[in-house]
1. Can you name every residue in the range 12-25 that is open to solvent by 90 Å² or more (accessible area, probe 1.4 Å) and either closer than 13 Å to L66 by Cβ or over 10 Å from the mean Cα position of the chain (by Cα) (or both)?
2. Is there a residue in the range 26-42 that is in contact with a Gly (Cβ under 9 Å, 6 or more places away or on another chain) and surrounded by 11 or more Cβ atoms within 10 Å (Cβ to Cβ)?
3. Assess whether S30 counts as being under 13 Å from the mean Cα position of the chain (by Cα) and at pLDDT 95 or above.
4. Give the residue that is most open to solvent (accessible area, probe 1.4 Å), with candidates limited to residues of the range 51-75 that are under 28 Å from N5 (Cα atoms), without any contact (Cβ under 8 Å) to a residue 40 or more places away in the chain and not hydrophobic (A, V, I, L, M, F, W, C).
Amino acid sequence: MTDGNVLEHAYREALEESIVAHLSEVNGLSLEQAMDVYYSSNLSKKINDGKNDIQYLDYRNLVRILIETEPELFE
């Protein structure tokens with residue numbers, strides 16, 4: 001793994017932690033529930049795949065996008 005790949009991996013891990021924590025906070029979910037929601041979302045797949053550089057958006061915006069585009073995950 002190159003240095004760039006290591007940094008990208010670390011960045012994405014930190015981003016996912018921030019997303020889960022913020023999702024938990026704004027929706028009143030436990031961290032476990034927030035993790036389930038996030039990791040079952042299409043957003044997590046897009047971030048993991050690096051689609052359209054979505055992983056470089058602010059985690060608060062990503063949570064807002066998740067809530068708006070995948071409301072069924074919160075039912």
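The values are calculated or read from the model by the stated rules, or taken from the named source; none is laboratory data. Since this is a predicted model, take the numbers as computed values, not measurements. Here the Cβ is made from the backbone with ideal geometry for all residues, glycine too, and neighbour counts use every protein chain on show. When the accessible area is computed, the model is the full protein with side chains, heavy atoms only, and any ligands, DNA or RNA have been set aside. Shrake-Rupley method; radii C 1.70, N 1.55, O 1.52, S 1.80 Å.
1. Scanning the range 12-25 gives a single hit, E25.
2. For the range 26-42, residues in contact with a Gly (Cβ under 9 Å, 6 or more places away or on another chain) and surrounded by 11 or more Cβ atoms within 10 Å (Cβ to Cβ): absent.
3. no
4. Residue satisfying both the conditions and the ranking: N52.
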